[in-house]
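First up is the structure itself, then whatever we jot down about it.
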Amino acid sequence: MKVSDLSSDHSDIELIANWYYQHWDSKDPHATVQGVIDKISSSDSRTGFAAYIDNELVGAGEIKQQIDSNYSGYRHWLDGVYVPTEHRGKGISTALVEFAIAKAIKLKLPALYLRCEAHLVKLYESHGFSVVDTDGQKFIMAHTLT
């Protein structure tokens, strides 16, 4: 398995955008696949990355800078970690999370935050994240990097 930045290669952006749209953004009546493509193609406040097995795209994620008044002080977020159903159970999520942590350290980020559902808390705890807050039924987790 190989995980790499998407910054130099945008050939898989459309497929990743379709995954994101189907899994998350389709719940927003104003969202479009093109809007998701535009959002994840922007490198201004995000760093996208993808996982490949035998040159097949099998997962994706991103680190993004987010300023949200609900989470003041929580600046850099691990987001969009997605693995299609047919590729789950192969360690892809682990590879994506480890890549994100290493990337955040390389970027000298002080901490990385994420928002997840209860069934994912143990996965992220195994990578050094800990629950710092809740948002409805979601958990806010942090990994201090410095």
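Just checking, which of His76, His119 is closer than 25 Å to Tyr21 by Cβ, touching a Leu at 6+ places or on another chain (Cβ under 6 Å) and modelled with pLDDT under 95?
His76
Residue by residue, here is whether (1) under 20 Å from Asp5 (Cβ atoms); (2) of a type in the set (A, V, I, L, M); (3) in a loop (DSSP other than H, G, I, E, B); (4) within 12 Å of the chain's Cα centre (by Cα) holds:
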| site | (1), (2), (3), (4) |
| --- | --- |
| Gly80 | yes, no, no, yes |
| Glu86 | no, no, no, no |
| Lys90 | no, no, yes, no |
| Ser93 | yes, no, no, yes |
| Phe99 | yes, no, no, yes |
| His127 | yes, no, yes, no |
| Val132 | no, yes, no, no |
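Going by the conditions given, is Glu62 over 16 Å from the mean Cα position of the chain (by Cα) and either under 25 Å from His127 (Cα atoms) or part of a loop (DSSP other than H, G, I, E, B) (or both)?
No, not satisfied.
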Quiz prompt | All positions within segment 82-92 that are modelled with pLDDT of 95 or more and within 17 Å of Arg115 (Cα to Cα) | solution = Val83
Exercise. Tell me which residues, restricted to segment 101-114, are buried (at least 17 other Cβ atoms within 10 Å of the Cβ) and of a type in the set (D, E, K, R).
Key: Lys103
Practice problem: Please enumerate the residues belonging to segment 1-59 that are part of a helix (DSSP H, G or I), under 25 Å from Lys106 (Cα atoms) and not small (Gly, Ala, Ser). | Solution: Ile13, Ile16, Lys39, Ile40
Quiz item: Do we have any residue at all in segment 106-114 that's of a type outside the set (Ser, Thr, Tyr), under 22 Å from Ala17 (Cα atoms) and within 17 Å of the chain's Cα centre (by Cα)?
Solution: yes
Practice problem: Please find, within segment 3-37, the residue that is modelled with the highest pLDDT out of those that are closer than 25 Å to Gly91 by Cβ and exposed (fewer than 12 other Cβ atoms within 10 Å of the Cβ). | Solution: Ser11
Quiz prompt | Contacts under 7 angstrom Cβ, first residue in segment 25-36 being within 17 Å of Asp79 (Cβ to Cβ), partner charged (D, E, K, R), 6 or more apart | solution = Ala31/Asp25; Val36/Asp25
Self-check item: Close pairs from segment 73-91: first buried (at least 16 other Cβ atoms within 10 Å of the Cβ) and among the aromatic types (Phe, Trp, Tyr), partner modelled with pLDDT under 90 and part of a loop (DSSP other than H, G, I, E, B), Cβ under 8 Å, at least 6 apart
Solution: Tyr74/Gln66; Tyr74/Asp68; Trp77/Gln66
Practice problem: Being over 13 Å from the mean Cα position of the chain (by Cα), at pLDDT below 85 and under 22 Å from Ala95 (Cβ atoms) is the filter here, so list the residues in segment 38-52 that pass it. | Solution: Ser43
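The values are calculated or read from the model by the stated rules, or taken from the named source; none is laboratory data. Predicted, not measured: the structure shown is a model, and the values here were computed from it. Here Cβ is always computed from backbone atoms with ideal geometry, including for glycine, and neighbour counts include all displayed protein chains.
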